1. Given charges of +1 on the Cβ of Lys and Arg and -1 on the Cβ of Asp and Glu, with all other atoms neutral, how large is the dipole of the chain about its Cα centre, in debye to the nearest 20?
2. What full-extension length gain, to one decimal in nm, is calculated for K121 and D223 as 0.36 nm per residue of separation minus the Cα-Cα distance?
3. How many lysine pairs in the chain, separated by 8 or more positions in sequence or lying on different chains, have Cα atoms less than 14 Å apart?
4. Mind giving me the nanometre distance, one decimal, between the label points for W24 and D230, set 7 Å out from Cα along Cα→Cβ?
5. What size of dipole, in debye to the nearest 20, comes out for the stretch 93-175 about its Cα centre when the only charges are +1 on Lys and Arg C-beta atoms and -1 on Asp and Glu C-beta atoms?
6. Per residue, how much accessible area does the chain have with a 1.4 Å probe, in Å²?
7. As an exercise, use a Förster radius of 41 Å and the Cβ-Cβ distance of S138 and S188 to find the FRET efficiency, rounded to the nearest 0.05.
8. Roughly how big is the stretch 2-113's charge dipole about its Cα centre, with Cβ charges of +1 (Lys, Arg) and -1 (Asp, Glu), in debye to the nearest 20?
Amino acid sequence: MKVFAIRLHHYREWTETLGYDREWKIQKTQAKLSFFVNLLSSRIWAFPLVTRFDNLIIISDGVSNKGLSFLFNKLKKYSPVPLKGCLSFGDTLREAEENASRCVNELSPQEIWLEDYPDSKVVAVHADVDSFTEFTESTSIYTSFKRSMDVMIELQRRVYSMGGLLQYLGGDNFMMFLGENQIKNLLSEIPEGLKMGIGICNNPRCAVARSTEALTRIRESRDSRWKLVDV
């Protein structure tokens, strides 16, 4: 499994040059970066995990090194500091991410490191919370946000133990990536009140689309808590 890690070099030091009235400037910059990393990743059929804004994780199986180089060079235009990027490999996505993080530590600013690694099928799992709109309307905006964060922590714990990675998508939506051999383990412990659509494909964008299709089918049929779309 392959992960491309991108680090914004000396990002914290850059933020400290903005003065005390800086948080709105930081948030504006991060929103812009998130917009472009998602847009550019879609063009190369990858999928980004914008975990910290100063570090990005790109799910990269089925994505060419030429595409990753394109993404890296384009993002330079939208980053306030130099970038470093490294592609790495592992038996699980968690292992691949850890290897990529160690690799990027050793690089110089504006350096990119790409190797030819074998591709694996991408498994994406799109989860959401039952009756979340009604819950929000009967409680409050922040109460519903807290519930989403509670769910995320529980999913994070389970997926991380399986060697997978998770991204919060907003609202009550979460995207998880893990190995095919862990699907049964995940489905055996679906937390109460959740639905999971599973998509399997040769690249991340396709797998994510299939996972959303599977989740939509669950919402329409209401006959199961999970569905899988593979072909």
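1. Taking the Cα centre of the chain as origin, the dipole is about 600 debye.
2. 34.0 nm
3. Close lysine pairs under the 14 Å cut-off: 9.
4. With each label point 7 Å from Cα toward Cβ, the separation is 5.3 nm.
5. For the stretch 93-175, the charge dipole is close to 260 debye.
6. Accessible area per residue: 51 Å².
7. After rounding to 0.05, the efficiency reads 0.85.
8. The dipole of the stretch 2-113 has a size of about 480 debye.
The values are calculated or read from the model by the stated rules, or taken from the named source; none is laboratory data. Bear in mind that the values here come from a model prediction, so they are computed numbers and not experimental data. Cβ sites come from the backbone with ideal geometry, for glycine too, and all protein chains shown count toward neighbours. Calculation scope for accessible area: heavy atoms of the full protein, side chains included, ligands and nucleic acids excluded. Shrake-Rupley method; radii C 1.70, N 1.55, O 1.52, S 1.80 Å.
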